[in-house]
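To start, the structure under review is shown below, and the notes come after it.
The values are calculated or read from the model by the stated rules, or taken from the named source; none is laboratory data. Everything numeric here is computed off the predicted structure, so don't read it as measured data. Here the Cβ is made from the backbone with ideal geometry for all residues, glycine too, and neighbour counts use every protein chain on show.
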Amino acid sequence: MPEKIEVAELCRAEWGRLLSALIRDFGDFDVAEEALQGAFASALEAWGKAVPKSPRGWLYAAARHDVIDRLRRNARLAEKQAALAALPTAEAPAADELYEENAVPDERLRLIFTCCHPALAPEAQVALTLRTLCGLATEEIARAFLVPVPTMAQRLVRAKTKIRTAGIPYVVPEAADLPDRLAEVMAVLYLVFNEGHSASRGESLVRAELCAEAIRLARLVRELLREPVAELEGLLALMLLHDSRRGARLDSAGEMVLLADQDRSLWDQKEIEEGRGLLRAALGRGPPGPYALEAAIAAVHADARRVEETDWRQIVGLYDLLEAVHPSPVVALNHAAAVSMAHGPEAALPLVEALAETLADYHLWHATRADLFRRLGRKGDAISSYRRAHALARNAIERRFLEWRLAELGTS
């Protein structure tokens, strides 16, 4: 164990496991979250003197003790003592074992299915899981959904209230019930992965632990099913194919490298081959769904040894299919970007402009528009759009890339 530990990094890596274990112990999302936040705050002070042998176990014990102390201090003592007696002590570690690394049960899969219960609205299911499993801030989740922060905060409050008042069980569904719950679970995993693949804010472009978490959980869900599900295989293929490029997405200085400029020898061939195999299996089970189509697009990129060999026309055709089965403004924007590569920026610009109202506050819409203007030689329009993209971007590496583009155009 190193002498020093970055508490913020530990919070990012361990939040989901710790919170899910505390929810299992105490049956309340808000109580568990408040206690865990307090444990991390205590760690900032306590660990300045000495880092514990098991940081995870220390945090778990501190949070549990905090909840139990607060229950004991509560004015309705008799009722709370009954609640204490009902705690799952048979499953909980003994007091002298709380500080061990293996004392924290892994309840994350149970948490996903609780958050994805059909009694919750679909958008609340995904948002709540991102908040509880991954510890994303409300602002980060709002950006992922392209909605105002107060709207997202209300969704989270309503979702937790619904779980409490409706008595939604904290369990993994029986195998027979799993298929009906998969759509929401896959949407959660997809957004978790996307936040890891392209972080919405902060100093890092990639949050590798979120990518790994989404892939791990997708594998776990896949193992629970009695029969293969094409779209789950498509989703896992999509995540692996995208994750395969992680080592090439930043240069030696830690700055962003566009797909066209990446050193493809750095792409993870093991992940690519696994992703291709899963994609073939998904496509062999019937008409492709959205995740399989996105994986097919990623596979076309993986097939090109050099950027010049990319089959952009095939990619445009796959986006046509994707828009037919899963229309969305972001899919339309990506489709337009592919059209610009296959047929030129003139053909793509009207497609991008048609999304102006829907994506006016989305930095990548402005960045895509700026790139088209740059390629068309419309310098003034490019500068204006790059500046707007820069104003909206919240990720430091993306902002520096946009600053570089502006400097390239002779401004800043």
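Per-structure values
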{"quantity": "Lone qualifier among Glu308, Glu357 - being outside any helix (DSSP H, G or I) and without any contact (Cβ under 8 Å) to a residue 24 or more places away in the chain", "calculated": "Glu357"}
{"quantity": "Selection count, region 40-57, where residues are assigned to a loop (DSSP other than H, G, I, E, B) and crowded, with 16+ Cβ neighbours inside 10 Å", "calculated": "4"}
{"quantity": "Lone unmet requirement of (1) over 19 Å from Ser265 (Cα atoms); (2) in contact (Cβ under 8 Å) with a residue 40 or more places away in the chain for Ala324", "calculated": "(2)"}
{"quantity": "Residues of region 141-156 satisfying the condition of being aromatic (Phe, Trp, Tyr) and either outside any helix (DSSP H, G or I) or in contact (Cβ under 8 Å) with a residue 40 or more places away in the chain (or both)", "calculated": "none"}
{"quantity": "Residue list for region 100-140, restricted to those being assigned to a helix (DSSP H, G or I), of a type in the set (A, V, I, L, M) and modelled with pLDDT of 85 or more", "calculated": "Leu111, Ile112, Ala124, Ala127, Leu128"}
{"quantity": "All positions within region 162-183 that are surrounded by 14 or more Cβ atoms within 10 Å (Cβ to Cβ), outside any loop (DSSP other than H, G, I, E, B) and modelled with pLDDT of 85 or more", "calculated": "Lys162, Ile163, Leu182, Ala183"}
{"quantity": "The listed residue being under 21 Å from the mean Cα position of the chain (by Cα) and more than 30 Å from Glu107 (Cβ to Cβ), out of Leu236, Leu293, Leu220", "calculated": "Leu293"}
